[in-house]
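The structure appears below as structure tokens.
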Amino acid sequence: MTDALPPPPAFAAVANVRAGVRERADADPPAFWAEQAGRLTWDRPWDTAHDDRDWPTARWFDGGRLNVAVNCVDRHVDAGRGEKVALHWEGEPGDRRTVTYAQLHEQVQRLANGLTELGVGPGDRVVLYLPVLVETVVATMACARIGAVVSLVFGGFSADALRFRVADTGATVVVASDGQFRRGAAVPVKSVVDEAVAGLDHVAHVLVVRRTGSDDVPWTPGRDVWWHDLLDRQPAAHTAQSFPAEHPLFIVYTSGTTGRPKGLVHTSGGYLTQASWTHWALFDLRDDDVYWCQADLAWVTAHTYVLYGPLSNGATQVVYEGSPLTPHPGRHFEVIERYGVTTYYTAPTLVRTFMKHGPQLPAGHDLSSLRLLGSVGEAINPEAWRWLHEHVGGGRCPVVDTWWQSETGAAVIAPLPGVTPLKPGSATLALPGMAVAVVDDDGRETPPGVEGNLVITRPGPGMARTVWGDHDRFVRSYWAPYADRRWYLAGDSASRDEDGYVWIGGRIDDVLNVSGHRLSSIELESALVSHPRVAEAAVVGAPDDVTGQRIVAFVITRAGDADDSGLAEELRAHVATRVGAVAKPREVVVVTDLPKTRSGKIMRRLMADMTAGRGGGDTTSLTDPAAMTAVESAWTDHR
Ligand code: ATP
Ligand code: MG
């Protein structure tokens, strides 16, 4: 196998997952998933593991009943592990809380009683518009406990973005905070909620967590309730009932990288099975691990790999409220050192940010507790992968690059640490019990190295069941293109190498076509990022009369590179040797920032629209409109 890093033998010898698991799963996938479902506690066993009669909506573990919160909290307490730390929570200003499973159990039961008092019942929707707090974790578990469907909305979203999600879900209760800390400052939240829910009659209550302690919180008597008042008057015990395996658990909206966000509906038994098993397997979970997934709780990443996965496995985890750069860019490394984090699950955007500061940033901290690193959200450029591996992982930690989506509910393509040889920049192979392919528009597999559409030919039990309120969009977007074969169209382009490893190339819509050559945006960006002067890059295809599209590269230079002279020429030559002459960017525009979604993904479509002279695309997911304004003015100057 070319350029692959074999698993470190000492790691492999004691890893949770051993060689042969893929083969065993492939022999009988439903049986494999049924075995993993057996890791959970069921009130009633299922009749059928997998049923496709409602395709494309799958049914898993039909006839079975369970309670997700009981699986995530109660059963650890019942097993005598109540004193184990569930959460090491740290606030942005530096305040800290340690919460054991027993304490979490008590809070969840009180809130389950509290939500019931507020009239919430099974199937009702509850929207959480909260920072990353202990209360946010408690609220997701309390909803699961009473069968309410939770939808988390990122605390940094505007009133409009919140309103869209509250209205779309028809929520009866919105849980929010008085204010929140953002990059060192306390900002009001409750007033934003009031604006968002104005006139939405289905919202019966707004439950408010005190976080920043501001004095003038606008209040609507009868509707608004303080969290502490509600919990204080509840009994500490709550009897949980079980729900069918296909009972809806949560609605998660996609990041909105390519357009209007879709509200994906995930259900209970199958989702929890895949979340729980993949968390245990991919992060090689051990009882004494201190696990940290840095994603905001509102992203699907954290649903599966902070909330339902780790809690179902009884893990101890770090949960951090704030910005990674506050009050200084080494905050994450400080947190890793303080809690002895063993497992750090991060995102390429953050790795590239750290790279801008140079290796001295992690080098200033004791990171020797780390034993495994993870990445998710975008393709990780090989350069960023190596930097993470070397400068954060000390060269000893496997980097587990996990490809998945809000739609898939949990990881689909990822290495099994201890088993799968790693290749920097590739998420490697489909996980056991699932299968993927890279195909052309007619469904034929593309030869090695040739870009095509990534499809899931065998989804896992965690796959979304529908788009909330728009089942037709679910069918149309994902399943209609290859309906005859029952394949799922992921919307990402990819290629496979001679070893069958999957290399994600970008969004299908972002694939460039220059004189008939299909080029992946990620491949070009990775080539640019591998140049010592470049920290980040975004590549788009601008319309061109002769070549169809011409390549425009927007680049951020590394710290200390104030003078861009000769840069464009150097980068063209560099890309020509790395990828080929056809891939040379025609134009290189130096920028200070790139437009990104709130979850840190580069929004190439906005830049593509700009170069084509189009405007007006959906920008509701944009993290910082100023970034796009700066790109626009750099573009104008460049022209
Ligand atoms: P929208 O669907 O609204 O455009 P989104 O696709 O960004 O938003 P998510 O579901 O949060 O919303 O992100 C999933 C996408 O993120 C994948 O389809 C893929 O493009 C990208 N992605 C996630 N993890 C990886 C990874 N490890 N490697 C490459 N790409 C990844
Ligand atoms: Mg998507």
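Ignoring ligands, DNA and RNA, what percent of the 1.4 Å accessible area of segment 407-453 is carbon and sulfur?
On the way: 620 of 1210 Å².
Carbon and sulfur atoms account for 51 percent of the accessible area of segment 407-453.
I need the peptides 282-288, 414-420, 6-12 ranked by packing, meaning the mean over residues of other C-beta atoms within 10 angstrom, with the highest value on top.
Values: 282-288: 18.6, 414-420: 23.7, 6-12: 13.7.
In decreasing order of mean packing, 282-288, 414-420, 6-12 become 414-420, 282-288, 6-12.
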Check your understanding: How high is the relative contact order of the chain, given as a whole-number percent (alpha carbon pairs under 8 Å, six or more residues apart)?
Key -> 13
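For segment 507-637, what is the convex hull volume of the alpha-carbon atoms per residue, in Å³? All intermediate terms of the calculation are to be shown ahead of the outcome.
Numbers: hull volume 14.3 nm³, N = 131.
Considering the Cα atoms of segment 507-637, their hull volume per residue is 109 Å³.
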Point to revise | Peptides ranked, highest mean first, by Cβ atoms within 10 Å: ranges 399-410, 337-348, 563-574 | key: 399-410, 337-348, 563-574
Point to revise | Where N is the number of residues in segment 421-566, Cα Rg divided by 2.2 N^0.38 Å | key: 1.23
Check your understanding: In whole angstrom, and with the biggest value first, how far do the Cα coordinates of segment 1-108 range along each principal axis?
Key -> 48, 46, 29
Exercise for review: Could you check how much of the accessible area of segment 137-264 is carbon and sulfur, as a whole percent, using a 1.4 Å probe?
Suggested key: 50
Practice item. Within the set of other residues whose C-beta is less than 13 Å from the C-beta of L133, count the net charge using Lys and Arg as +1 and Asp and Glu as -1. Key: -3
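What does the helix-only formula give at 222 nm for the chain: each DSSP H stretch with n ≥ 4 adding -39500 (n - 2.57), the total divided by the residues, and the result rounded to the nearest 500 deg cm²/dmol?
Details: 19 runs with 171 residues, N = 639.
Rounded to the nearest 500, it is -7500 deg cm²/dmol.
Relative contact order for segment 28-130: what percent, with Cα pairs under 8 Å and sequence separation of 6 or more?
Working: 95 pairs, mean separation 16.6, N = 103.
This gives 16 percent for segment 28-130.
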Check your understanding: Alpha carbon centre of segment 226-277 versus segment 2-44: separation in Å?
Key -> 26
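Within the set of other residues whose C-beta is less than 12 Å from the C-beta of P448, count the net charge using Lys and Arg as +1 and Asp and Glu as -1. Please report the intermediate quantities before stating the final value.
Working: positive: R496; negative: E445, E451, D497, E498, D499.
Around P448, the surrounding residues sum to -4.
Might you tell me the accessible area per residue for the chain, computed with a 1.4 Å probe and given in Å²? Walk me through the intermediate numbers first.
Details: 22520 Å² over 639 residues.
With all protein chains present, the chain gives 35 Å² per residue.
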Review point. So which lysines pass the test for K596, namely a Cα distance under 19 Å, with those fewer than 8 places away in the same chain ruled out?
Key: K262, K356
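Just the number: Rg to Rh for the chain, Cα atoms, Kirkwood Rh, two decimals. Intermediate values should be presented prior to the final figure.
Working: Rg = 23.8 Å, Rh = 25.1 Å.
Ratio of gyration radius to Kirkwood radius: 0.95.
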**Study point:** Environment charge of P7, counting only residues whose C-beta is closer than 14 Å and scoring Lys/Arg +1, Asp/Glu -1
**Key:** +3
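Using Cα pairs under 8 angstrom and six or more residues apart, how large is the relative contact order of segment 178-280, in percent? Each step should come with its number before you reach the end.
Details: 100 pairs, mean separation 18.7, N = 103.
Once divided by the residue count of segment 178-280, the mean separation gives 18 percent.
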Exercise for review: Could you tell me which GluC sites (Glu not before Pro) in segment 75-140 are loop residues by DSSP with no more than 14 other beta carbons within 10 angstrom of their beta carbon?
Suggested key: E83
Review point. Expressed as a whole percentage, what fraction of the accessible surface of segment 265-346 belongs to carbon and sulfur atoms when a 1.4 Å probe is rolled over the protein heavy atoms?
Key: 52
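The values are calculated or read from the model by the stated rules, or taken from the named source; none is laboratory data. A quick note: this is a predicted structure, and the numbers were derived from the prediction, not measured. Note that each Cβ is placed from the backbone with ideal geometry, even for glycine, and that neighbours are counted across all protein chains shown. Each accessible area value is taken on the protein alone, full model and side chains, heavy atoms only, with ligands, DNA and RNA left out. Shrake-Rupley method; radii C 1.70, N 1.55, O 1.52, S 1.80 Å.
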